[in-house]
């Protein structure tokens with residue numbers, strides 16, 4: 001019995017060794033589960049400054065247990081050299097450096113983070129808890145440089161003496177969110193800086209009146225500048241453009257339903273501009289959102305229309321010149337025949353008729369001559385009497401003047417010849433006189449076209465020249481028309497005028513170093529418009 005008692009007592013060396021072995025095994029085992037719990041439990045810590053796991057202080061063991069239980073990527077860096085321990089969620093972040101990173105100094109495993117993380121590590125070792133949101137991190141994963149972002153918290157871990165012995169780092173990768181934010185920022189920057197109007201709109205349910213409407217989701221600055229309106233985000237199209245053509249909503253609905261992009265050119269009647277538009281469905285069909293790109297092509301369309309009009313006028317001019325040339329030959333024969341007839345012994349009545357016929361034929365002859373001259377190209381300036389140019393234009397408009405019952409008053413005082421391109425100046429005079437005639441069409445009172453020509457001297461240069469004043473008793477110009485009279489394509493007669501006449505006239509006058517000015521009164525007994533043209537003797541052109 002004594003033998004048995006001795007064997008069963010704790011004084012038995014064999015029993016004591018077994019008990020100590022069992023206690024050490026328990027102390028070596030971690031309560032956490034998972035790959036890293038097993039790897040940490042089986043790691044040869046005796047070969048590191050941390051020592052065998054069974055000899056770890058309670059503070060280190062508790063810190064490891066806490067680290068392994070965290071659901072986010074977490075590391076524990078222990079000692080002055082920051083020996084690394086980490087949990088399962090941390091494994092995917094380090095790729096092929098797992099499992100070799102375990103039990104090694106962190107800066108030995110990740111030398112590329114020393115400059116970034118070294119100062120942070122020292123701050124935490126000095127007792128500071130450091131937190132970062134969306135911190136950019138650059139390191140190597142699977143032999144590839146990685147640019148990533150993390151929300152990170154670095155906390156000091158104290159040992160039994162209260163000394164900071166380690167750093168607990170809990171992280172959450174935000175790379176996907178930051179990449180999305182950066183992508184959105186790039187697209188937003190592109191969206192806002194594109195020269196064309198760009199907007200996103202979304203389809204709304206049918207209104208009670210059965211009409212469709214759309215709401216602005218996003219607009220760039222070019223859109224607001226194009227319409228001269230503030231940012232309309234959150235507002236509806238109908239609320240801001242109540243008179244817009246219903247056809248626009250049909251275009252939008254068609255793209256929403258089919259997903260087929262559409263490119264159109266349309267007149268935006270509420271804005272008075274021509275728009276080139278590209279419409280495409282954006283995102284999921286259920287969102288019912290559209291991307292709309294717009295470009296104001298009003299000036300381009302006007303230019304195209306003006307060019308087509310100019311081509312038509314040029315063709316008409318060539319045709320008129322050809323007709324005039326063809327008329328001249330038989331016209332000369334008829335004039336000669338009348339001359340022969342007048343030489344015969346005829347009655348006074350016949351003689352009077354022959355005189356009248358001769359007069360009319362000579363007028364026709366003069367018109368054909370002026371028509372030929374008007375369309376004949378001339379590249380060299382010549383000394384010209386502006387009075388002759390005025391008379392030739394009045395002759396061409398004689399029919400219009402007579403039909404409109406306009407009285408013409410010509411007052412020519414002594415004036416010098418000017419060196420110019422006659423056809424160019426003839427074009428200026430044709431524009432001014434034609435505008436004056438049109439301005440008096442709506443005048444029920446006296447209709448008078450006054451032309452005054454006299455010699456003058458430029459007050460600035462003392463150069464001698466001429467001043468021609470062309471005045472009408474028409475309706476005068478509005479304030480807007482006076483301000484924009486010389487702008488290209490500006491016109492108050494959209495159906496019959498390209499809006500280029502006065503702009504071209506001023507360009508010609510400027511090329512001749514002259515001046516073209518006007519004053520206009522739109523109401524009262526002295527209403528009407530007066531244009532003043534100055535050309536120097538050596539205008540040249």
Inset, instruction - Tell me, please, whether a residue that is at pLDDT 90 or above and under 18 Å from residue 84 (Cβ atoms) can be found in region 131-148. - result: no
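Could we say that residue 320 is part of a helix (DSSP H, G or I), farther than 30 Å from residue 197 by Cα and modelled with pLDDT under 70 here?
yes
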Inset, instruction - Determine which single condition residue 524 fails, assuming it passes every other condition in (1) crowded, with 18+ Cβ neighbours inside 10 Å; (2) more than 30 Å from residue 383 (Cβ to Cβ). - result: (1)
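Residue by residue, here is whether (1) in contact (Cβ under 8 Å) with a residue 60 or more places away in the chain; (2) closer than 20 Å to residue 490 by Cβ holds:
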residue	(1), (2)
505	yes, yes
509	yes, yes
512	yes, no
517	no, yes
524	no, no
527	no, no
531	yes, yes
534	yes, no
538	yes, no
Inset, instruction - Note down all Cβ pairs under 8 Å where the first residue falls in region 277-294 and is at positive phi, the second is at pLDDT 90 or above and assigned to a strand (DSSP E or B), and they're at least six residues apart or on different chains. - result: 283/289; 288/202; 288/203
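Hey, any hits in region 511-532 for a residue that's out of contact with any strand residue (DSSP E or B) (no Cβ under 8 Å at 6 or more places or on another chain), modelled with pLDDT of 85 or more, outside any loop (DSSP other than H, G, I, E, B) and within 30 Å of residue 308 (Cβ to Cβ)?
Applying the first criterion (out of contact with any strand residue (DSSP E or B) (no Cβ under 8 Å at 6 or more places or on another chain)) to region 511-532 yields 511, 522-526.
Going one step further and asking which of them are modelled with pLDDT of 85 or more, we end up with 511.
Among the residues that remain, those that are also outside any loop (DSSP other than H, G, I, E, B) are: 511.
In the following step, the residues that additionally are within 30 Å of residue 308 (Cβ to Cβ) were identified as 511.
Scanning region 511-532 turns up at least one residue that is out of contact with any strand residue (DSSP E or B) (no Cβ under 8 Å at 6 or more places or on another chain), modelled with pLDDT of 85 or more, outside any loop (DSSP other than H, G, I, E, B) and within 30 Å of residue 308 (Cβ to Cβ).
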Legend entry - One residue from 59, 69 being surrounded by 14 or more Cβ atoms within 10 Å (Cβ to Cβ), within 57 Å of the chain's Cα centre (by Cα) and more than 25 Å from residue 142 (Cα to Cα): 69
Legend entry - All helices (runs of 4 or more DSSP H) inside region 384-460 with 3 or more residues being assigned by TED's automatic domain parsing to the domain that holds residue 513 and buried (at least 17 other Cβ atoms within 10 Å of the Cβ): 386-396, 422-439
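Look through 92, 119 and report the one residue that is at pLDDT below 95, within 24 Å of residue 164 (Cβ to Cβ) and out of contact with any strand residue (DSSP E or B) (no Cβ under 8 Å at 6 or more places or on another chain). Break it down stepwise before answering.
Values: 92 fails: within 24 Å of residue 164 (Cβ to Cβ).
That would be 119, the only listed residue that is at pLDDT below 95, within 24 Å of residue 164 (Cβ to Cβ) and out of contact with any strand residue (DSSP E or B) (no Cβ under 8 Å at 6 or more places or on another chain).
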Inset, instruction - Output the number of the condition that residue 213 fails; it satisfies all remaining conditions of (1) in contact with a helix residue (DSSP H, G or I) (Cβ under 6 Å, 6 or more places away or on another chain); (2) free of Cβ contacts under 8 Å to residues at least 12 places away in the same chain. - result: (2)
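The values are calculated or read from the model by the stated rules, or taken from the named source; none is laboratory data. All of these numbers come straight from a predicted model, not from anything done at the bench. Quick reminder, even Gly has a Cβ in these numbers, built from the backbone with ideal geometry, and neighbours come from all protein chains shown.
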